[in-house]
Amino acid sequence: MRLSFEFFPPRTKKGEASLLASANALKAEGPEFFSVTYGAGGSTRDGTRETVSKLLTDVGVPAAPHLSIGNDNEEQIRTMLDDYKARGVNRIVALRGDVPSGAVAAPRHSSNAESLVKLIRAHSGDAFHIEVAAYPEVHPDAASAEADLDFFARKVDAGADSAITQYFFNPPAYFDFIERAAARGIGIPIVPGIMPITNFEGLVRFSKNCGADIPRWLGKRLESLKDDPEGLLAFGNDVTSKVCEALVQGGAPGIHFYTLNKTGPALEVWHRLRTTCAPQA
Ligand code: FAD
């Protein structure tokens, strides 16, 4: 059972110390890797690299940088790949990336994750295990569910080794995607990405942007708890735990937690999952 935790690069020294302390605590859970996001348009290029390095050297757990083709040119990406390899990185999360807010948007499909996967394989061979993104509830840019699966298949054909999904609260969407992927002959592990629920407004805003569906009943319940942080967290942990339980019992190969650098809820959900499903950590 694969377990991984995602962080974003901290902006302050205090944030960095707190992240490393959390990562040290999470190490005891036996994660396969930590991953570190890459700010839209390369805005956290240095922060991502430094955080990955610290996780590798100070915590001693494999760390995977997210890399988006976004605003970087191919030469910059090759340089980053060489740098990561030299630092002992052996896994990369390869993405198209989102357009930075306020930026003049480039044509939506002028770059895509498929071309990044090809670039990584052409330049670095098999030096990296490549993760790509998958969208059980369909990416907002996709013309149809079928077109979305086609683009996913192209990333796999280009050399992706496994995938992490966008977060979702509807396990049937995940199983439907897995079935459709299998019917297309896609055999790589597709690990569900899980977003613990910690904040109502933030979750609604973010979900609108990334196309994650908040079921009506869940939205209504969270809205009624929005001024009760403890109640919201407790309810959110119950909901997320049930989602994870359904996923693992239905055969999901692991769980990837989007921690947003708050590891408490992810740990709570993971501990409950270990009790109910007794997966091998
Ligand atoms: P792609 O797979 O290239 O494309 C996404 C969708 O666009 C496809 O599914 C398809 O529907 C459509 N599409 C692609 N190519 C074409 C084409 N040629 N013609 C028509 N349609 C096309 N964003 C960040 O900025 N930084 C991060 O660190 C980050 N980490 C993430 C981690 C995970 C696990 C996930 C799921 C998402 C992450 N994102 C991150 C968000 C991601 O960058 C966005 O969802 C982005 O909009 C798409 O990236 P992708 O790699 O899935 O793109």
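The values are calculated or read from the model by the stated rules, or taken from the named source; none is laboratory data. Bear in mind the structure is a predicted one, so any value in this text is a computation, not a measurement. Counting neighbours? That spans all protein chains shown, and the Cβs are built from the backbone with ideal geometry, glycine included.
Restricted to the range 52-74, and to residues that are part of a helix (DSSP H, G or I) and in contact with a helix residue (DSSP H, G or I) (Cβ under 7 Å, 6 or more places away or on another chain), which residue is farthest from the ligand (Cβ to nearest atom)? Ranking the candidates gives Asp58 first.
Applying a threshold of 9 Å to beta carbon distances and a minimum spacing of six or more residues, or different chains, the list of pairs starting in the range 17-42 at a residue that is free of Cβ contacts under 8 Å to residues at least 40 places away in the same chain and surrounded by fewer than 18 Cβ atoms within 10 Å (Cβ to Cβ) and ending at one that is part of a helix (DSSP H, G or I) and not β-branched (Val, Ile, Thr) reads Leu20/Lys54; Leu20/Leu55; Leu20/Asp58; Asn24/Asp58. Ile77 satisfies every condition listed in (1) touching a helix residue (DSSP H, G or I) at 6+ places or on another chain (Cβ under 9 Å); (2) at pLDDT 95 or above; (3) more than 8 Å from the ligand (Cβ to nearest atom); (4) in a helix (DSSP H, G or I) except (2). Could you please let me know if Gly47 is small (Gly, Ala, Ser), in a helix (DSSP H, G or I) and either within 15 Å of the ligand (Cβ to nearest atom) or under 17 Å from Ala127 (Cα atoms) (or both)? Yes; evaluated as a whole, the condition is true for this residue. Here Val248 meets each of (1) in contact (Cβ under 8 Å) with a residue 40 or more places away in the chain; (2) more than 21 Å from Val36 (Cα to Cα); (3) not in a helix (DSSP H, G or I) with one exception, condition (3).
Scanning the range 154-199 for residues that are over 19 Å from Pro253 (Cα atoms) and surrounded by fewer than 20 Cβ atoms within 10 Å (Cβ to Cβ) gives Arg154, Asp157, Gly159, Thr198, Asn199. Listed by first and then second residue, the pairs linking a residue in the range 109-138 that is without any contact (Cβ under 8 Å) to a residue 60 or more places away in the chain and closer than 23 Å to Leu247 by Cα to a residue that is part of a helix (DSSP H, G or I) and near the ligand (Cβ under 7 Å from one of its atoms), with Cβ atoms under 8 Å apart and 6 or more places separating them unless they lie on different chains, are Val132/Ala113; Val132/Phe152; Val132/Lys155; Ala133/Ala113; Ala134/Phe152. Selection of the range 112-153 for residues being within 10 Å of the ligand (Cβ to nearest atom), surrounded by fewer than 16 Cβ atoms within 10 Å (Cβ to Cβ) and within 21 Å of Tyr84 (Cα to Cα) yields an empty set.
Take the conditions touching a strand residue (DSSP E or B) at 6+ places or on another chain (Cβ under 9 Å), at pLDDT 95 or above and on the phi > 0 side of the Ramachandran plot and apply them to Gly30. Does it pass? Judged against the criteria, Gly30 is a match. The residue pairs whose first member lies in the range 189-214 and is closer than 21 Å to Asp141 by Cβ and among the aromatic types (Phe, Trp, Tyr), whose second member is at pLDDT 95 or above and in a loop (DSSP other than H, G, I, E, B), and whose beta carbons are closer than 8 Å, counting only pairs six or more residues apart or on different chains, are Phe206/Ala212.
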